[in-house]
Each structure stands twice: as C-alpha cells, then as structure tokens.
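In what follows, a single structure is set out as structure tokens and then discussed.
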Amino acid sequence: MLNVEEALQKILERVGPLETERVDLLASLGRALAEPIVSGREIPPWPNSSMDGYALRAADVRAGETRMPVVGRITAGVMPSRTLGAGETMRIFTGAPLPEGADAVVPQEDVRVDDGHVVLRGPIPAGAFVRPRGEDVRPGDRVLDAGAALGPAEIGLLAALGHGRPLVHRRPRVAILSTGDELAELGSEPGPGQIPNSNSYSLFAQALEAGAEPVILGIAADRLETIEERLTWGLGADVLLSSAGVSVGEADLVKDALTRLGAELHLWQVSMRPGKPITFGTLGRTLVFGLPGNPVSAMVTFELFVRPALRRLAGHAALMRPRLRARALARIANPGARRGYLRATLVDDGSGYGVRLTGDQGSGILRSMVLADGLAIVPPDTTLEAGQEVDVIVLRSPVKEPTP
Ligand code: AMP
Ligand code: MG
C-alpha cells in the first residue's frame with residue numbers, strides 16, 4: 001500500500017497549472033501570479049519628507065541655536081520651484097519632494113518659528129526624516145515571482161507599480177458529490193436510519209478556502225447507474241470530488257462508476273489513519289477523487305491530497321500547509337500499521353509548541369476537526385510519551401488571539 005508521500009506524488013505528477021487570465025486587481029486576492037513582476041518604476045521616485053517640518057542642509061546647522069530663513073513651501077503633489085540655497089530652509093509636508101540642495105528635514109515640533117525664520121535647538125544628521133529615492137523599489141527589481149500568492153501587501157505593491165490587471169491562473173472548478181442511501185439533505189429532518197449530509201458542506205468550504213470555485217452536485221443513492229449519471233454532471237469541472245462508497249467490503253460503487261465512465265485510476269488505497277480508502281483518477285481533463293465517507297476521513301484526505309492538487313491547478317508555488325515540531329503534552333498513541341494523522345491542539349509554551357490530541361480520534365467525530373489546530377503525524381505502532389517530539393501539519397494559526 002502506498003504511503004502518503006507516494007500517493008501525493010502520483011497525484012501531483014498528473015496536475016499542472018490551469019490557463020492564465022487577466023483579472024481586475026481588486027479581484028485578484030488569493031490568486032497566484034502567472035508571471036514575475038519586474039518593476040518599471042522607482043518608489044519613491046524622488047527623495048521626500050517623512051515628517052511635516054523644514055527642509056534644510058544638515059551642514060548649515062551649528063551646535064547651539066541656528067536661525068534660518070524660510071524661503072519656500074513644498075506641499076505633497078508639487079515639485080519644489082527652486083533649489084535650496086546655503087543657510088536656507090523650506091516649509092515641507094509629509095510626502096512632499098525634497099528640494100534640490102536639501103539633505104535633511106527637521107520636524108516642526110523641534111523648531112521655534114519666529115518672523116519668517118525657524119530656530120533650531122541643535123544639529124541634525126544628514127538624511128534625517130528623508131525617505132531616499134528608490135528606498136522601496138528600484139527599476140529592474142524583481143519584486144514578485146510567478147506562483148506568488150496575492151495577499152493585501154502584494155496587491156498594494158502591484159497598484160504602486162501600475163499593474164491594474166495582473167496575469168493570474170484561473171481558479172479550479174470543483175464539483176462535489178455525496179453518495180449514500182442514508183444521507184438526508186440539509187433542510188430535511190433525518191428520518192429513521194438516516195444521517196445528515198455534512199461532507200458536501202465541509203468539502204465545499206475546504207475547496208473554497210483552498211482558492212477553488214466549488215459547486216455541489218447533491219446526493220446520489222447507492223446505485224451504480226445513479227452514481228455514474230451524477231458523476232457525469234461534474235465532468236465539466238477541473239476536479240470531481242465524491243465522498244463515501246469507496247470502502248472495501250461493500251460494493252465499490254464509486255470506483256466502478258468511474259471505471260465505467262472511462263476514468264483511468266491511478267491510486268486506490270493509502271496507508272494512513274484516518275481514511276485508508278481513497279481513489280484518484282483522471283477522466284479526460286478532469287481529475288477525480290473518491291474520498292472516504294466518514295466526515296473526518298473526508299476532510300483529512302482532502303487536506304493531504306486534494307488541497308495540494310487544487311493549489312497546483314491554481315498556479316501556486318506553495319502547495320503544502322506549514323509544519324512545525326511540537327512536544328507531546330500527554331501520551332499520544334497510534335496503534336496499528338498505518339501512519340496516523342491525528343487531530344491535535346497546539347499550545348504555545350513560550351519556548352516552542354506543545355501538542356495534545358483533541359480527544360477520541362474516531363473518524364466520524366467531526367468535532368475533533370473543529371478543535372484541531374493541526375494534524376500530528378505519528379508513525380505506525382507508536383506511542384509517544386509526554387515530552388517527545390512530533391511533526392504537526394498546521395491547519396490554522398496556533399497563535400491565539402490575545403485576551404483583552
Ligand atoms: P461509506 O464510505 O459509504 O462506507 O461511508 C462511511 C461512513 O461515512 C458512514 O458512516 C456514512 O454514513 C458516513 N457518510 C458518508 N457520506 C457522508 C456524508 N455526505 N456526510 C456525513 N457522513 C457521511
Ligand atoms: Mg456508503
């Protein structure tokens with residue numbers, strides 16, 4: 001049976017970035033850049049003041065008091081009308097260009113104004129309160145790489161460089177199907193023997209969070225023809241995700257339906273807990289994943305296999321969640337021959353992270369995912385005692401909000 005890394009490799013070797021498109025800068029949040037950005041501008045384009053004050057030449061200021069005439073006024077948005085001469089100052093405001101000849105700004109709160117002059121109390125260093133030309137970006141600087149995720153700071157930088165429609169990759173379209181005779185849809189009270197469909201919703205949210213555009217295909221009953229027909233609804237998508245109906249022992253309806261539709265299956269089972277049965281295949285241009293039905297197994301296999309594939313489709317250079325090493329705060333046991341991806345809470349103890357399991361690790365216990373900051377990766381047949389270290393996949397920031 002394949003381990004997680006081998007399975008992921010089998011998936012990723014069949015996945016490449018989707019086409020590119022130009023989008024409005026304001027709609028680019030979370031997208032991956034499809035080309036590097038090389039600056040054609042200098043930011044700032046001229047030295048400017050970082051304070052409201054007076055521009056001058058530092059060398060003109062002596063020890064003790066210096067009285068200097070104010071010969072001009074420079075506001076933001078206007079270039080100085082003349083050069084600053086020896087012994088002169090000009091009134092200047094934050095962001096306004098420094099006049100030629102000046103090399104420093106004294107803040108207004110540090111001077112006394114007296115009859116068209118300012119009086120300084122003492123010397124100031126050259127460069128004081130001046131933002132040098134090009135201190136942020138110089139022409140030719142490669143400021144962003146292809147594959148970079150666009151966050152608020154990247155978007156601000158693109159605006160500063162004049163990129164109103166960045167080239168990004170298309171978002172992957174993901175069609176989500178739940179299978180099972182026992183499933184009751186949200187909005188109807190589950191009848192005898194029924195359980196609520198939760199996978200469609202958690203998987204939709206995971207896909208959305210991963211940067212994809214998910215759609216829900218509803219629930220298919222456990223009949224081969226029904227599943228087959230419903231799967232065809234999703235074939236226009238980049239990724240077709242189904243959950244349940246892949247367990248060994250029962251009829252492997254999802255796998256059979258995929259085979260009948262002509263899918264080429266590349267992977268069937270992965271040695272992991274939770275979630276051993278997972279199928280991955282390709283059907284034309286569509287990637288198909290048959291995830292296990294248990295709510296936790298579905299979410300964890302999404303995390304480990306579907307999310308990296310979606311990130312790659314979306315053109316991101318960074319596919320994986322961050323990991324950290326943490327010390328077990330109590331015993332962590334993973335009996336059995338499969339590697340465990342155990343739901344865990346992370347605690348910052350000042351010098352590093354401590355980790356404890358969220359409680360019972362049953363693959364139907366969705367609240368273990370609600371409580372989890374991460375997944376502790378525990379080797380097969382292993383019991384870690386308190387104090388031993390373990391790798392943890394970080395699902396959300398373990399840095400907790402400060403209490404007010
Ligand atoms: P299966 O893989 O079909 O054997 O399903 C495994 C378990 O997951 C069963 O307990 C199912 O009832 C449950 N399950 C399957 N699909 C869903 C779903 N969409 N939402 C919640 N639980 C599900
Ligand atoms: Mg089932």
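Take residues that are touching a residue at least 24 places away in the same chain (Cβ under 8 Å) and within 16 Å of ligand 2 (Cβ to nearest atom) and tell me which of the strands (runs of 3 or more DSSP E) falling wholly in segment 195-277 contain 1 or more.
Values: elements: 213-220, 239-243, 264-269.
Answer list for segment 195-277: 213-220, 239-243.
Hey, can you tell me all the residues within segment 128-145 that are touching a strand residue (DSSP E or B) at 6+ places or on another chain (Cβ under 6 Å) and not in a strand (DSSP E or B)?
ALA128, PHE129, ASP136
Of all residues in segment 169-214, how many are more than 11 Å from ligand 1 (Cβ to nearest atom) and either over 26 Å from the mean Cα position of the chain (by Cα) or surrounded by fewer than 16 Cβ atoms within 10 Å (Cβ to Cβ) (or both)?
Residues that pass the stated criteria total 9.
Can you name the condition, by its number, that ARG285 falls short on among (1) away from ligand 1 (no atom under 13 Å from the Cβ); (2) in contact with a helix residue (DSSP H, G or I) (Cβ under 7 Å, 6 or more places away or on another chain)?
Answer for ARG285: the failing condition is (2).
Test of understanding: among VAL246, VAL254, which residue is modelled with pLDDT under 95, crowded, with 24+ Cβ neighbours inside 10 Å and in contact with a Lys or Arg (Cβ under 8 Å, 6 or more places away or on another chain)?
Numbers: VAL254 fails: in contact with a Lys or Arg (Cβ under 8 Å, 6 or more places away or on another chain).
The match here is VAL246.
Looking at segment 165-181, is at least one residue at positive phi, at pLDDT 95 or above and away from ligand 2 (no atom under 16 Å from the Cβ)?
For segment 165-181, residues at positive phi, at pLDDT 95 or above and away from ligand 2 (no atom under 16 Å from the Cβ): absent.
Suppose we filter segment 282-303 for residues that are more than 16 Å from ligand 2 (Cβ to nearest atom) and surrounded by fewer than 23 Cβ atoms within 10 Å (Cβ to Cβ); how many remain?
Summing the residues that are more than 16 Å from ligand 2 (Cβ to nearest atom) and surrounded by fewer than 23 Cβ atoms within 10 Å (Cβ to Cβ) in segment 282-303 gives 6.
Among the candidates GLY336, GLY350, GLY354, GLY359, single out the residue that is touching a residue at least 40 places away in the same chain (Cβ under 8 Å) and either farther than 30 Å from ARG31 by Cβ or over 21 Å from the mean Cα position of the chain (by Cα) (or both).
GLY336
Say whether the condition of being on the phi < 0 side of the Ramachandran plot, loosely packed, with under 15 Cβ neighbours inside 10 Å and part of a strand (DSSP E or B) is met by at least one residue in segment 146-159.
No, segment 146-159 contains no residue that is on the phi < 0 side of the Ramachandran plot, loosely packed, with under 15 Cβ neighbours inside 10 Å and part of a strand (DSSP E or B).
Show the residue pairs that are 6+ apart or on different chains and have beta-carbon atoms under 6 Å apart, the first residue being within segment 278-304 and free of Cβ contacts under 8 Å to residues at least 24 places away in the same chain and not assigned by TED's automatic domain parsing to the domain that holds ALA257, the second being crowded, with 24+ Cβ neighbours inside 10 Å and assigned to a helix (DSSP H, G or I).
As it stands, the answer is none, since no pair meets every condition given.
Working only within segment 278-298, note down all residues that are part of a helix (DSSP H, G or I) and among the polar types (S, T, N, Q).
Across segment 278-298, the qualifying residue is only SER297.
The values are calculated or read from the model by the stated rules, or taken from the named source; none is laboratory data. In this text the structure is predicted, and so the values were computed from the model without any measurement. Neighbour counts run over all protein chains shown; Cβ positions are idealised from the backbone, glycine included.
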